[in-house]
Amino acid sequence: MTALPADLHLPAVTDVNAVDWAGIPSPAFVLDESRLRRNLSLIDYVQKQSGAQIIVAFKGFSMWSAFPILREYGITGATASSLNETILAKEEMQGEVHVYAPAYSDEDFPKILELADHLVFNSFGQWQRFRPQVQAARAAGRQLHVGLRINPEYAEVETDLYNPAGPFSRLGVTRREFREDLLDGIDGLHFHTLCEKDSDTLERTLEVVERNFGEYLGRMQWVNFGGGHLMTREGYDLARLIRVVKAFRERWGVHVILEPGSAFGWQTGWLVSSVLDVVHNVKDAVLLDVSVSAHMPDVLEMPYRPRILGAGDPPSDDHREAVDTPPGSHYLIGGTTCLAGDVVGEYVFDHPLNIGDRVVFDDMIHYTMVKTTFFNGVKHPDIGILRPDGTYERVKTFGYEEFKAKLS
């Protein structure tokens, strides 16, 4: 395990065993402010020591009620990938607005251009299409940074769904498609090929970026390393990240930007749910007041198995007889929609579950709230904040009007 720097002092975090789960209305996404502040202390340290600018990627974390806390730690900007996120960045983050989208529409682009401070294009075709508008804005006095996303065709991402540099990727310009003759007006390059990786992966990625695009780096003012830098995960090599970023900045004379999403919300909160029913069909199945499909879609998409507080994995068939589990403690955990596959998986609890009991899913803030839907019209979880003094603040509740607003 990589040791934290001696000069890095982190705040204490809430003891999960001391939280009054029954006192939190269910269902609810609950952000723990103390854990968020711990992550921000780490991020602020990296930003100061490396000289990089770290901004929050809305695609991973866009809980705007927490933005005032982010600003306390020197987070001066956000990256958006749509017009709606761009407006949110301008209105609520109140810092630099960085925008990248795989493609811009003629309808949305003028408004995005009006709000953006950094604007990244995915292709030379998009750059050529919208360059006249960019040039007109600059001629009118707008201080606008413009970049191009590149694809180094190198990634260490195991899940194809999240691999931006996989075969035939539509994201970014490869070296063989690069157009030096169209670089006039471009002052930065952007790549994003990481997904919850450590700094050793970034170091190897930069070697490829420099090998493929090094002849253009010296012409740039800035390089955006994208997201996927999970610097707040226990064991992440912060010293290597700082060293790698500083060396790149000095080698090329550029400003470096990092835009993680997961690192901000990593291990900062929970999804609190309640048992609605327990049914039996060979196995005991628990129906919760949340939906895997609507509220935890990555469980089905990635897929992955979320941790439940106070629960563990069931014994394998080979070891089932050797494990002594209390009667009625082994459950298939499912959601409340009509989708047959709205199931998390099997878990073993240290006690039988009854109607009304709380079931708390861990690490449910990053890349979770941003993906929820109103599928089947099921109740959408509240959004709340657990303050460091133990008080719970419900900041948002959802009702029929939000559900209806998505329909026509």
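Numbers at a glance
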| quantity | calculated |
| --- | --- |
| Residue among Leu217, Leu238, Leu194 that is closer than 21 Å to Gly166 by Cα and in contact with a helix residue (DSSP H, G or I) (Cβ under 9 Å, 6 or more places away or on another chain) | Leu194 |
| Test: residue in the stretch 320-340 that is closer than 25 Å to Ile385 by Cβ, assigned to a loop (DSSP other than H, G, I, E, B) and either of a type outside the set (D, E, K, R) or touching a Phe, Trp or Tyr at 6+ places or on another chain (Cβ under 7 Å) (or both) | yes |
| One residue from Gly147, Gly185, Gly141 being open to solvent by less than 20 Å² (accessible area, probe 1.4 Å), at pLDDT 95 or above and either under 29 Å from Leu115 (Cα atoms) or not in a loop (DSSP other than H, G, I, E, B) (or both) | Gly147 |
| Evaluation of Gly166 against (1) assigned to a loop (DSSP other than H, G, I, E, B); (2) open to solvent by 50 Å² or more (accessible area, probe 1.4 Å); (3) more than 25 Å from Glu96 (Cβ to Cβ) (one fails), failing number | (2) |
| Residue match in the stretch 45-59 (condition: aromatic (Phe, Trp, Tyr) and within 16 Å of the chain's Cα centre (by Cα)) | yes |
| Which numbered condition Gly60 misses (of (1) surrounded by fewer than 17 Cβ atoms within 10 Å (Cβ to Cβ); (2) within 13 Å of Leu258 (Cβ to Cβ)) | (1) |
| Hey, Glu207 assigned to a helix (DSSP H, G or I) and without any contact (Cβ under 8 Å) to a residue 60 or more places away in the chain or not | yes |
| Cross-chain or 6+ apart pairs with Cβ under 7 Å, the stretch 11-38 first and modelled with pLDDT under 95, then in a strand (DSSP E or B) | none |
| Flag for Gly228 being open to solvent by 10 Å² or more (accessible area, probe 1.4 Å), within 26 Å of Met364 (Cα to Cα) and in contact with a Lys or Arg (Cβ under 6 Å, 6 or more places away or on another chain) | yes |
| Pick from the stretch 63-88, criterion of a type in the set (Gly, Ala, Ser) and more than 24 Å from Thr397 (Cβ to Cβ), ranking: surrounded by the most Cβ atoms within 10 Å (Cβ to Cβ) | Ala78 |
| Condition broken by Arg358, with the remaining ones in (1) over 22 Å from Ala22 (Cβ atoms); (2) over 24 Å from the mean Cα position of the chain (by Cα) satisfied | (1) |
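This table checks each residue for (1) touching a residue at least 24 places away in the same chain (Cβ under 8 Å); (2) of a type in the set (Ser, Thr, Tyr); (3) open to solvent by less than 10 Å² (accessible area, probe 1.4 Å); (4) closer than 25 Å to Arg38 by Cβ.
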position	(1), (2), (3), (4)
Gly261	yes, no, yes, yes
Trp266	yes, no, no, yes
Val290	yes, no, yes, no
Pro303	no, no, no, no
His330	yes, no, no, no
Gly341	yes, no, no, no
Ile355	yes, no, no, no
Asp363	yes, no, no, yes
His366	yes, no, no, yes
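The values are calculated or read from the model by the stated rules, or taken from the named source; none is laboratory data. Bear in mind that the values here come from a model prediction, so they are computed numbers and not experimental data. Methodologically, a virtual Cβ is constructed for each residue, glycine included, from the backbone with ideal geometry; neighbour enumeration extends over all protein chains shown. Please note that ligands, DNA and RNA were not included when accessible areas were found on the heavy atoms of the full protein model with its side chains. Shrake-Rupley method; radii C 1.70, N 1.55, O 1.52, S 1.80 Å.
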